[in-house]
1. Which of the residues that make up the stretch 229-245 are under 26 Å from GLU280 (Cα atoms) and either of a type in the set (A, V, I, L, M) or without any contact (Cβ under 8 Å) to a residue 24 or more places away in the chain (or both)?
2. Select from the stretch 238-251 the residues that are closer than 17 Å to LEU115 by Cα and more than 20 Å from the chain's Cα centre (by Cα) and list them in ascending order.
3. Scan (1) within 19 Å of the chain's Cα centre (by Cα); (2) at positive phi; (3) at pLDDT below 95; (4) of a type outside the set (A, V, I, L, M) for the single condition ARG172 breaks and write down its number.
4. Mind telling me which of the residues ARG198, ARG188, ARG163 ends up being in contact with a helix residue (DSSP H, G or I) (Cβ under 7 Å, 6 or more places away or on another chain) and under 13 Å from HIS131 (Cα atoms)?
5. On the basis of being under 28 Å from THR292 (Cβ atoms), surrounded by 15 or more Cβ atoms within 10 Å (Cβ to Cβ) and acidic (Asp, Glu), does GLU183 make the cut?
6. Within the stretch 240-258, track down each residue that is over 17 Å from GLY230 (Cβ atoms) and loosely packed, with under 14 Cβ neighbours inside 10 Å.
7. Taking LEU276 as meeting all but one of (1) exposed (fewer than 13 other Cβ atoms within 10 Å of the Cβ); (2) modelled with pLDDT of 95 or more; (3) touching a helix residue (DSSP H, G or I) at 6+ places or on another chain (Cβ under 7 Å), write down the number of the exception.
8. Mind telling me which of the residues LEU178, LEU151, LEU130 ends up being surrounded by 15 or more Cβ atoms within 10 Å (Cβ to Cβ), assigned by TED's automatic domain parsing to the domain that holds ARG188 and in a strand (DSSP E or B)?
Amino acid sequence: MSMVDDGTERGNDAVDEPGWEVDPNDESGAAVVAAVGRQIKTWREAAGLRAGELGALLGYGEDLIYKVEGGSRIPRPEFIDAVDVAVGAGGKLAAMKPDLAEVRYPKKIRDLAKLEAKAVELAAYGSHNLHGLLQTEEYARALLGTRRPILTPDELERAVAGRMARHSIFDRSPAPELSFVQEEASLRRPIGGRAIWRRQLENLLRIGELPFVDIQVMPTSRWDHPGTGGRIQVLKFADGSAVGRADDEFAGRPISHPKQLRILELGFGSIRARALTPEESQAFIVQVLGET
């Protein structure tokens with residue numbers, strides 16, 4: 001999943017757009033970007049403009065225009081708006097922005113976000129790190145910045161944007177039931193430094209106050225902890241179907257068979273039973289916050 005430059009590239013004395021390059025493994029996303037690129041080229045040529053002339057009108061490099069039209073660059077929304085006006089498309093190019101908005105995120109994040117958007121229940125146990133739905137943007141950026149191999153700046157921003165887009169789950173109506181169990185260590189590790197860490201803890205307290213959210217902490221002192229096998233997540237849907245995944249079961253693959261899901265649910269239930277209650281967990285997070 002390769003991204004693009006930091007926006008300092010120039011062509012014809014104009015600034016190249018710091019957009020996103022297309023993931024070559026994302027066939028459906030690449031098809032969307034290619035279709036938008038063809039439309040932009042068609043409208044540009046109909047307006048009697050060369051690529052360099054359009055770039056000059058917009059303040060971007062000629063190279064960017066060719067990349068977008070060739071389907072190798074995912075343009076940002078403001079670029080599409082500017083092109084729409086410059087070529088007189090009357091909103092027809094701007095209407096494609098929702099399609100591009102989804103493609104900008106990594107495919108596996110898009111797939112996860114779609115599942116979360118349909119779920120009526122979510123149960124998740126996180127071992128090393130806070131669940132993505134619980135992370136602040138600055139905490140997520142700092143956490144993703146610890147990955148090895150190191151993400152490029154554009155890969156990092158794309159990953160952060162995808163993670164934050166999933167947070168729309170908190171605004172759904174009716175709201176889904178969300179249950180999280182987090183290891184004490186994930187609350188105490190000062191990812192990003194003290195200030196970012198404190199704001200992350202404060203965010204956990206805010207989310208934990210939502211009536212449809214339970215956040216529980218698994219104390220490090222629990223010697224009989226049943227979740228040493230790693231992460232567990234189960235999503236349930238309105239039609240009665242469900243999908244789950246666990247680090248230590250079924251080779252880490254997503255599963256949907258009722259018997260397999262039952263194993264994951266029993267595992268999560270055992271973990272939840274040995275964790276602090278939601279009320280105790282809120283008090284524990286307050287305590288950790290006070291110690292920072």
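1. Result: ILE232, VAL234, LEU235.
2. Across the stretch 238-251, the qualifying residues are ALA238, ASP239, GLY240, SER241, ALA242.
3. Of (1) within 19 Å of the chain's Cα centre (by Cα); (2) at positive phi; (3) at pLDDT below 95; (4) of a type outside the set (A, V, I, L, M), only one is false for ARG172: (2).
4. ARG163
5. yes
6. Of everything in the stretch 240-258, those that are over 17 Å from GLY230 (Cβ atoms) and loosely packed, with under 14 Cβ neighbours inside 10 Å turn out to be GLY240, SER241, SER256, HIS257, PRO258.
7. Status for LEU276: all satisfied but (1).
8. Of the residues listed, the single one that is surrounded by 15 or more Cβ atoms within 10 Å (Cβ to Cβ), assigned by TED's automatic domain parsing to the domain that holds ARG188 and in a strand (DSSP E or B) is LEU178.
The values are calculated or read from the model by the stated rules, or taken from the named source; none is laboratory data. Keep in mind the model is a prediction, meaning the values are calculated, not measured. Ideal geometry is used to build each Cβ from the backbone, glycine not excepted, and the neighbour counts take in all protein chains shown.
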